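Remarks on the structure that follows.
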Amino acid sequence: MAGEIPDLVALERTGTGKGAARQARRDGMVPGIVYGGDNEPLPINVPFNRLLKMLKAGRFKSTLFNLKVEGHEDVRVICRNVQRDVVKDLPTHLDLMRLRRTSRINLFIHVDFVNHAAAPGIKRGGVLTVVRPEVELEVTAGEIPEKITVDLTGLNIGDVVTISMVDLPEGVKPTIDRDFVIANISAPSGLAAASNDAEDEDGEAEE
């Protein structure tokens, strides 16, 4: 399971319609709606500054949140839409969807690299170059992996790690169909430069 799901704290919004939404914005709030699941839609207000900080952090729409609203049970939600002011590009409304434990969603999951000492390429001075520190995966809301693990055992300089080489938990699959690169072990800069010089000399000798 995922380690810690971030909280999204909101207030229940009294009143509906454009008037209530405008008042919320005057009060430094962003109006929103929570829908889905077995409950009725719930109008909410989220503090503007807190929401803006989360948006600037990135991947807001692919992050699972624990929604906390006073008077209601905590519920897992994911953002489905953020409306923005066309001039200022600031959030004016958001739509959140409740998730059942069986809901399938796309989330970015951290990649953990282990057994560096068992990689001959790294022992020889090779450098682990991480192409994707996180990978977007389709997961079940009730069974979200905290991370996926890449075993570096036996990897040499020039070897590449792709998603097909990773043992994913049951029911988890990448959102990208192709076998994309996660990391590689590249030659240290000095070795790479020496190799290039040797190739240049060979080329000159042949000429």
Provide the per-residue ³J(HN,Hα) series for region 177-185, in order, calculated from phi with Karplus coefficients 6.51, -1.76, 1.60 and θ = phi - 60°, each as a whole number of Hz, with x at glycine and proline positions.
6, 6, 7, 7, 7, 9, 6, 8, 10
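Stokes-Einstein diffusion coefficient for region 105-194 at 4 °C in a medium of 1.567 mPa s, Rh from the Kirkwood formula over Cα pairs: what value in µm²/s?
Rounded, D is 93 µm²/s.
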What does the convex hull of the alpha-carbon atoms of the chain project to on average, in nm²?
17.4
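Largest first, how would 136, 12 line up by accessible area (1.4 Å probe)?
12, 136
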Calculate one ³J(HN,Hα) per residue across region 118-134 by plugging θ = phi - 60° into the Karplus curve 6.51 cos²θ - 1.76 cosθ + 1.60, and present them in order as whole Hz with x for glycine and proline.
9, 9, x, x, 6, 4, 7, x, x, 10, 6, 9, 8, 7, 10, x, 9
Sequence-distant residues sharing a close amide H with residue 80 (under 5 Å, placed H):
95, 96, 97
Count of lysine pairs, the chain, Cα-Cα under 28 Å, sep. 8 or more residues or interchain, comes to 19
For region 81-161 the trypsin sites (Lys or Arg not before Pro) that pass both the DSSP coil test and the at-most-11 other-Cβ-within-10 Å test are 88, 101
Highest GNM mean-square fluctuation among 37, 19, 142, for the chain with Cα springs under 10 Å, belongs to 19
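The values are calculated or read from the model by the stated rules, or taken from the named source; none is laboratory data. Just so it is clear, the structure is predicted and the values come from calculations on it, not from any experiment. Heads up, the Cβs are rebuilt from the backbone with ideal geometry, glycines too, and the neighbour counts pull from every protein chain shown. In case anyone asks, the SASA skips ligands and DNA or RNA and just uses the protein heavy atoms, side chains included. Shrake-Rupley method; radii C 1.70, N 1.55, O 1.52, S 1.80 Å.
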